[in-house]
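Q: Below you'll find the structure I mean.
The values are calculated or read from the model by the stated rules, or taken from the named source; none is laboratory data. Note that the structure is predicted; figures quoted are calculated from it, not measured. The protein model used for the area step is the full one, side chains on, heavy atoms only, and it has no ligands, DNA or RNA in it. Shrake-Rupley method; radii C 1.70, N 1.55, O 1.52, S 1.80 Å.
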Amino acid sequence: MTSFRLILILAIATVTSIGAKPIIPRQAGGQGMTGLTVVSNLQSLSLVYQDLTFAVNNLESLKNQSDPDAIVAQYANLTNSEDADEAAPQPSVAVDDFDQYGILNAQFNLVQNDRAFLNALSTNKQFFNSTLRATIRNLLSEQINVLNTFDKDIAAFAPDVVSATNANSGVLLAALQGLLATFF
């Protein structure tokens, strides 16, 4: 069973990396998310942050292909997706150890890619007008709220890794708050 779960996680990661939407297993009776769903959602978000980071870092060199308005719209969609994921019923009991460590790894990847995106925004903020900057500040605040909700939820379904996920979240929270304080 453990090797089956590993193969399934690798298949989900591969499908996600090529941009397809995998069919995610649900808990018995179709209720809520499974540990694999959480892993897949975190990995999908991580890939979108990679794309956003590339777009922001190449605003000047790709003037015709990378547009600040489009980047902010995509960031807004991403933040709304994160809100929806957190609003969905989370696993109500601890998932197995394998899934918990998968969640930890996926969250670590997400934190790395999100921080790279935040750094790209900070480095390239001259490309965003005052209206877009105000929108970005609002999105940063929303993202902080999502992160706080995730930290509360994780204790119920991944108790073995909660201290590590909270440490990861703390690093991301500091980056979000730092950019929020300086992005004007």
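Q: Suppose accessible area is computed on protein heavy atoms with a 1.4 Å probe; arrange 101, 49 from highest to lowest.
A: Correct descending sequence by accessible area is 101, 49.
Q: Continuing with the same structure: Ordering 133, 115 from largest to smallest accessible area (1.4 angstrom probe), what's the sequence?
A: Sorted descending by solvent-accessible area, the residues read 115, 133.
Q: Round to the nearest 10 and report in Å² the accessible area of residue 172, as given by a 1.4 Å probe over the protein chains' heavy atoms.
A: 10
Q: Solvent-accessible area of residue 82, probe 1.4 Å, all protein chains present, reported in Å² to the nearest ten, please.
A: Roll a 1.4 Å probe over it and residue 82 shows about 10 Å².
Q: Hey, if you drop one equal point scatterer on each alpha-carbon of region 129-184 and run the Debye formula without solvent, what base-10 log of I(q)/I(0) do you get at q = 0.19, 0.30, 0.31 Å⁻¹?
A: -0.66, -1.13, -1.16
Q: Counting only the heavy atoms of the protein chains, how much of residue 149 is accessible to a 1.4 Å probe, in Å² to the nearest 10?
A: That residue has around 50 Å² of solvent-accessible surface.
Q: Compute from the Cα atoms of region 33-113 the Rg and the Dmax, the latter being the longest Cα-Cα distance, and quote both in angstrom.
A: In Å, with Rg to one decimal and Dmax whole: 15.2, 49.
Q: For region 55-184, compute Rh as the Kirkwood radius over C-alpha pairs and then the Stokes-Einstein diffusion coefficient at 25 °C and 0.890 mPa s; write the answer in µm²/s, rounded to an integer.
A: 156
Q: Provide Rg over Rh for region 81-151; use the alpha carbon set for both Rg and the Kirkwood Rh (inverse mean inverse pair distance).
A: 1.07
Q: Top to bottom by accessible area (1.4 Å), largest first, where do 51, 114, 153 land?
A: Largest accessible area first, the residues go 51, 153, 114.
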